[in-house]
Amino acid sequence: MVAEPRRADARGPVSPWPLNETKLYRSDEAKGAAEKLPPHVTSAQLCWLLRLTRGRVAQLSAEGGPIKRLGRDLYAIESIPNFIARQRERGDRSTEWNQARAELAQERARAARLQRLEREGKLLEVEVVQLIVAAIFRAVRDNFLGLGTRLAPQAHGAPSVPATQQIIVETESHLIR
């Protein structure tokens, strides 16, 4: 029975390798070599092959993990391709993790920059800026609110429209300064 190449799905592109769902063999030659392997490995051998600690092997063999425990210090040889398949499935998580790490590094860089600028005296506290802006706005508001009282008598006594306009322009320029 010849396995068909994997189809593209949500996890990624089409694989060029045929994939038999029951066995993870890539060719007849690999299948023959796999039949020569022992049916089980010890925890020391599995740790060496997968570059894992004994504790991590124990975690991965618990409750439906990819590593199948056969007995005390014995694990099924199928645990190796199972572990590799699980690592491939979890590949998307590593990109999310790397993105989160990059964002954290950017935040730390921004925080370090702000601390440096504060030490150099190039930053102002928000409360100080708010007080300054509020004082300026208050002065402008008070001047504009008093505009009618100042202009009414002068505009009333003006002989013509251009003279009234001149009074208004002079008062505005005085307020802006």
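The values are calculated or read from the model by the stated rules, or taken from the named source; none is laboratory data. This one's a predicted model, so the numbers in the text were calculated from it and none came from an experiment. With ideal geometry, Cβ positions are generated from the backbone for all residues, glycine too; neighbour counts draw on all protein chains shown. Heads up: the accessible areas ignore ligands, DNA and RNA and are worked out on the full protein's heavy atoms, side chains in. Shrake-Rupley method; radii C 1.70, N 1.55, O 1.52, S 1.80 Å.
Roughly how many percent of the accessible protein surface of the range 117-177 is carbon and sulfur, given a 1.4 Å probe and a whole-percent answer?
Carbon and sulfur together cover 63 percent of it.
Relative to the present Cα-Cα distance, how much length would full extension add between H156 and E96 at 0.36 nm per residue of separation?
Net length gain for the segment: 14.3 nm.
Based on C-alpha coordinates, I'd like the Rg and Dmax of the range 54-177, in Å.
Final numbers for Rg and Dmax: 37.0, 112 Å.
Sorted by mean Cβ packing within 10 Å, highest first, what order do the peptides 161-171, 124-134 take?
Put in order of decreasing packing, that is 161-171, 124-134.
Going by accessible area, probe 1.4 Å, with all protein chains left in place, what is the ranking of S79, S61, largest first?
From most exposed to least exposed: S61, S79.
If I stretch the segment between A44 and E118 completely, what's the gain in nm (0.36 nm per residue apart, minus their alpha carbon distance), one decimal?
21.2 nm
Based on the mean of other beta carbon atoms within 10 Å per residue, what is the order of 43-53, 103-113, most packed first?
43-53, 103-113
Want the number for E35 to A135: 0.36 nm per residue separation, take away the alpha-carbon distance, what's left?
27.5 nm
For E78, enumerate residues with amide H under 5 Å from its amide H, sequence gap 5+ or separate chain, H modeled in the peptide plane.
Amide H to amide H, under 5 Å and 5 or more residues apart or across chains, E78 pairs with nothing.
Can you bin the range 36-86 into rounded, prolate or oblate? Criterion: square roots of the alpha carbon gyration tensor eigenvalues sorted a ≥ b ≥ c, rounded for a/c under 1.5, prolate for a/b above b/c, oblate for the rest.
Rounded, since a/c falls under 1.5.
Specify, per residue and in Å³, the volume enclosed by the convex hull of the alpha carbon atoms belonging to the range 138-177.
Output value, Cα hull per residue: 48 Å³.
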